[in-house]
Amino acid sequence: MKKMRIKVLFLFMTLSLVLVACNKDEETGVDREAALDNLNTENMPIVKEQIELDIFSGKSATTADDWNDVLLLNEYEKMTNIDITWNQVPADGLEEKRNLALASGDLPDVFYAANIPVSDIQKYGAQGTFIPLNDLIEEYAPNIAKVLDENPEIKKGLTFPDGNIYSIPTVYSPEFPSLLIGAKGWINGEWLEKLGMDNPETTEEFYEYLKAVKETDLNGNGENDEIPLSSVAQMSRIIHWISGAFGVQNKGQLHTLIDEDLKTGDLRFFPTSDSYKSMLEYLNRLYDEELIEQNIYSLEVDQHLANAAEERYGAVQFYNPNELYGEDVGNQFIPGNALEGPDGTKMYTGITSPLRSLGNFVITKVNENPEASLRWIDYFWSDEGSKMFFMGIEGVTYEETAEGPKLLEEITDNPDGLTLTQALAEYIINPGGNHPVMVTDDYFTGSENAPADKEAVGVIEPYLIEEVWPSFTYTAEENEQIIILQTDLSKYVAEMQAAFITGEKDFSEWDSYVEQIEKMKLDEYMEIQKNAYERYKGN
């Protein structure tokens with residue numbers, strides 16, 4: 001009888017060990033049942049007993065040097081019961097250190113604002129380094145799930161060819177067009193009045209206005225120093241203003257090589273199209289007649305602001321003039337129109353997809369608490385959490401008013417002379433980009449939410465393109481090819497674009513330019529893009 005009891009006890013102990021082993025993750029040895037038992041699926045705190053997370057984070061120059069000691073995150077730690085160790089990496093070393101962590105297998109629990117390329121998300125997702133989030137989002141991230149359900153275009157762009165979602169992205173609210181557009185076109189309204197001209201509606205009227213600015217001493221300083229059109233170190237911003245007049249880049253800013261042929265509806269490599277050539281010819285005309293600031297490709301912000309202070313600009317494609325130039329100069333500018341092109345085309349294509357960046361929050365396979373980690377970021381997608389993320393703590397950084405929450409005067413007019421961004425950085429982590437949250441106009445404090453920007457959106461909104469493509473995702477095989485092909489094509493197109501605009505290359509060389517692109521395996525590139533586009537539509 002005693003032997004029988006020993007055998008039964010032995011079998012019981014063996015069964016117990018088997019059951020415990022079944023509850024543990026095969027790779028990490030983590031007791032999943034215990035982790036889930038510690039999780040609160042609703043409300044705060046997120047976990048009953050405190051847990052620790054190790055997060056690798058990109059660091060913008062405009063944020064605090066140490067997120068381990070920022071008010072927002074300290075308060076959130078108390079709310080959630082999750083203690084995070086933030087390992088921040090500045091932009092100049094981010095790629096190297098991120099790649100080293102991925103290659104060595106010395107992984108954090110989460111990569112946050114680490115700007116992981118889409119190709120790497122696919123690669124490490126397929127390898128199992130990044131875990132799929134589809135089911136976790138549905139069960140543990142109601143705020144993110146709601147956004148994806150209400151915006152299927154975002155969900156389609158976030159889904160990889162294997163059907164998995166591996167990351168929480170940065171999203172700009174589709175209801176916040178001012179942010180989706182970003183920099184906008186502005187015309188010097190006072191100079192229009194002096195010239196007796198209307199706000200240009202067509203590319204030809206725009207040319208005539210810029211020419212009049214060039215030929216007239218509108219700032220009254222006795223010198224012919226007026227600069228008709230400028231931006232800062234980027235011709236691409238000016239192109240965003242006028243490309244729609246030529247039907248170019250008609251699926252938004254994220255696709256710099258492909259769009260839709262407006263006549264056939266087919267996918268098109270637009271830098272070899274007749275419409276793109278016409279746009280470059282127009283820009284060359286402006287540049288050749290010195291209607292575009294001649295050092296546009298190297299102009300720094302400080303020099304641009306100095307020129308603006310001297311009242312030298314007739315039109316700019318940049319951010320809110322009131323915010324940048326001060327009210328005395330900024331108030332001279334009015335929103336520029338969407339322009340109609342030579343063949344009657346009138347659309348505004350300088351807008352980006354709400355799905356801004358995929359690689360800003362991924363959970364790795366070593367994370368013992370993926371559900372809690374996802375709940376941690378999901379809160380910031382709620383209205384309450386979004387207010388906290390962007391505005392900070394009530395009574396410390398903002399106050400509630402009849403018009404809604406407003407930043408305190410010590411933030412907006414800091415007694416120590418700090419800028420708004422510098423003052424906020426002491427309390428919140430938002431200054432700087434790549435945060436895996438949804439940005440709405442409710443609590444956003446940037447210039448895109450200013451009254452003048454909203455007025456500008458009202459002017460161009462009727463002409464905004466209806467469909468804006470996010471970046472496409474690719475299979476592992478496609479990734480290997482597309483990275484090389486797109487890098488080579490983009491570099492050559494950019495070099496030749498500048499050469500044609502500045503006159504370094506004559507348009508008699510256009511056919512040779514097109515032939516060279518075709519030799520750069522353009523057919524292979526377009527086949528990959530067509531497959532990716534078909535998958536995107538089918539997601």
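What ³J(HN,Hα) values, in whole Hz, does the Karplus curve 6.51 cos²θ - 1.76 cosθ + 1.60 give for segment 389-406 when θ = phi - 60°, with x put for Gly and Pro?
5, 8, 10, x, 10, 4, x, 9, 10, 8, 9, 7, 10, 4, 8, x, x, 9
Tell me, what ³J(HN,Hα) does each residue in segment 92-101 have, in order and in whole Hz, if you take phi through Karplus 6.51 cos²θ - 1.76 cosθ + 1.60 with θ = phi - 60° and put x for Gly and Pro?
Rounded to whole hertz, the list is 5, x, 5, 4, 4, 6, 5, 5, 5, 4.
Apply 1/(1 + (r/R0)^6) to the Cβ-Cβ distance of Glu190 and Ala402, taking R0 = 56 Å, and write down the FRET efficiency to the nearest 0.05.
Numbers: r = 35 Å, r/R0 = 0.62.
The pair Glu190/Ala402 has a calculated efficiency of 0.95.
Once every DSSP H run of n ≥ 4 in the chain is given -39500 (n - 2.57) and the sum is divided by its residues, what mean residue ellipticity at 222 nm do you get, rounded to the nearest 500 deg cm²/dmol?
Working: 24 runs with 242 residues, N = 539.
Calculated from helices alone, the mean residue ellipticity at 222 nm is -13000 deg cm²/dmol.
What are the residues whose amide H is under 5 Å from the amide H of Ile227, where those residues sit 5 or more places off or on another chain and H is modelled from the backbone?
It is Tyr313, Gly314, by chain and number.
What are the aspartates and glutamates whose alpha-carbon lies under 16 Å from the alpha-carbon of Lys97, with same-chain residues fewer than 8 places away excluded?
Within the straight-line cut-off, Lys97 pairs with Asp54, Asp106, Asp109, Asp120.
What distance in nm separates the two pseudo spin-label positions at Asp416 and Tyr297, each 7 Å out from Cα along the beta-carbon direction?
The modelled label-to-label distance comes out at 4.3 nm.
Among Glu403, Glu138, rank each residue by its count of other Cβ atoms within 10 Å, from fewest to most, as a rough exposure measure. List each step's numbers first, then the result.
Details: Glu403 6, Glu138 13.
Listed from fewest to most nearby Cβ atoms, that is Glu403, Glu138.
Given the Cα-Cα distance of Glu477 and Lys146 and 0.36 nm per residue of separation, how much length would full extension add, in nm? Kindly include the intermediate steps, with their values, before the conclusion.
Working: separation 331, 0.36 × 331 = 119.16 nm, distance 3.26 nm.
Computed gain between Glu477 and Lys146 is 115.9 nm.
Return Met438, Met388 ranked ascending by Cβ neighbour count within 10 Å, so the fewest neighbours appear first. Write out the running numbers ahead of the final one.
On the way: Met438 25, Met388 22.
Fewest-to-most Cβ neighbours within 10 Å comes out as Met388, Met438.
For segment 476-538, evaluate the Debye formula with one uniform point scatterer on each Cα (no solvent term) and list log10 I(q)/I(0) at q = 0.13, 0.14, 0.18, 0.21 Å⁻¹, rounded to two decimals.
-0.44, -0.50, -0.72, -0.85
Determine the gain in length on full extension of the stretch Ile393-Glu409; use 0.36 nm per residue of separation and subtract their C-alpha separation, reporting nm with one decimal. Don't jump to the answer; show the numbers that get you there.
Details: separation 16, 0.36 × 16 = 5.76 nm, distance 1.42 nm.
Result for the pair: 4.3 nm of gain on full extension.
Once fully extended, how much extra length lies between Asp83 and Ala233, figured as 0.36 nm per residue of separation less the alpha-carbon to alpha-carbon distance?
49.8 nm
Among the lysines, select those whose C-alpha is under 22 Å from the C-alpha of Lys406, and discard any that sit fewer than 8 residues away in the same chain.
Hits, sequence-local ones excluded: Lys387, Lys454.
Going by amide H atoms built from the backbone, whose H comes under 5 Å of the H on Val47, apart from near neighbours?
Here Asn40 satisfy the definition.
Most exposed first by the Cβ proxy, i.e. fewest other Cβ within 10 Å, how do Tyr124, Tyr297 rank? Write out the running numbers ahead of the final one.
Values: Tyr124 19, Tyr297 12.
Starting with the residue having the fewest Cβ neighbours, the order is Tyr297, Tyr124.
Can you compute the modelled spin-label distance between Thr216 and Asp135, with each label point 7 Å from Cα toward Cβ, in nm?
In this crude label model, Thr216 to Asp135 measures out at 6.9 nm.
Since every read-out is calculated from the coordinates, none of them should be taken as a lab result. Computed from a predicted model, the values in this text were never measured in an experiment. All Cβ positions, glycine included, derive from the backbone under ideal geometry; neighbour counts span all protein chains shown.
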